[in-house]
1. Can you tell me which of 115, 148, 137, 152 is more than 18 Å from the chain's Cα centre (by Cα) and of a type in the set (Gly, Ala, Ser)?
2. Which of the numbered conditions does residue 69 fail, given that it passes all the others? Conditions: (1) out of contact with any Ser or Thr (no Cβ under 7 Å at 6 or more places or on another chain); (2) surrounded by 10 or more Cβ atoms within 10 Å (Cβ to Cβ); (3) modelled with pLDDT of 85 or more.
3. All but one of (1) touching an Asp or Glu at 6+ places or on another chain (Cβ under 9 Å); (2) part of a helix (DSSP H, G or I) hold for residue 119; which doesn't?
4. Please specify each residue of the stretch 128-148 satisfying the condition of being farther than 20 Å from residue 79 by Cα and either within 15 Å of the ligand (Cβ to nearest atom) or buried (at least 17 other Cβ atoms within 10 Å of the Cβ) (or both).
5. What are the pairs with Cβ atoms under 6 angstrom where one residue, in the stretch 49-73, is within 16 Å of the ligand (Cβ to nearest atom) and the other, located anywhere, is part of a loop (DSSP other than H, G, I, E, B)? Sequence gap at least six, or different chains.
6. Tally the residues that are more than 23 Å from residue 95 (Cα to Cα) and in a helix (DSSP H, G or I), restricting the search to the stretch 123-163.
Amino acid sequence: MSAMQKTPLRFLAGFVPTCLALAQPQPGTKLSVDQIKAQIHVTAGRRLRPQSWPNGARVAVALSFDVDNMSASLARGELAPVGLSRGEYGAVDGLPRVLRLLNKYQIPASFFIPAMSDVLHPQMIRDIQAAGRHEIAVHGWIHEALPALNDAAEEQRLLDQAIAHLTRWPRPDSSTTAA
Ligand SMILES: [Zn+2]
């Protein structure tokens, strides 16, 4: 590659971060070290790695999947067909492909599911549970963005609503599938 061809790439590499930085406020630059430390409310916490893994394993791997489908788009009120169809693909084709692969190797996994994903495609949880080795985990009511909500009571209401929905038994039959 000649020097002439490289120039535009160097220009872009320096130009894009500068533009982004200009558009963002920088309140952290005015704070003391103590004030900075006081801003940090969430950390990784204590390390949970045990002295050794069971059966002498050298490493442990956890597979988890977000079964978001169209819930995040719906939470934001984004109803454009492109985004919704992408979510539909996850429910109709994406999840079954993941499950076939996990079943082939008999690997257990966790599936984090917004309750709204289950409302719209209840077959998904039945398919996940059919293998008998996976777990269902709550992932909000409609994939709500908690920092945007910024409301502890509303967060609790949506979480309670999601748990009540995901833990109801028996599961609805496929005739209640909305989509
Ligand atoms: Zn998610």
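1. Numbers: 115 fails: more than 18 Å from the chain's Cα centre (by Cα); 148 fails: more than 18 Å from the chain's Cα centre (by Cα); 137 fails: more than 18 Å from the chain's Cα centre (by Cα).
Unique residue meeting the criteria: 152.
2. The failed condition is (1).
3. Among (1) touching an Asp or Glu at 6+ places or on another chain (Cβ under 9 Å); (2) part of a helix (DSSP H, G or I), residue 119 violates only (1).
4. First pass over the stretch 128-148, keeping only residues farther than 20 Å from residue 79 by Cα: 128-139, 146-147.
Selection gives 128, 134, 136, 137, 138, 139, 146, 147.
5. Hits for this filter: 63/109; 68/143; 71/114; 71/142; 71/143; 72/143.
6. Residues that pass the stated criteria total 14.
The values are calculated or read from the model by the stated rules, or taken from the named source; none is laboratory data. Predicted, not measured: the structure shown is a model, and the values here were computed from it. Every residue, glycine among them, receives a Cβ derived from its backbone with ideal geometry; neighbour counts consider all protein chains shown.
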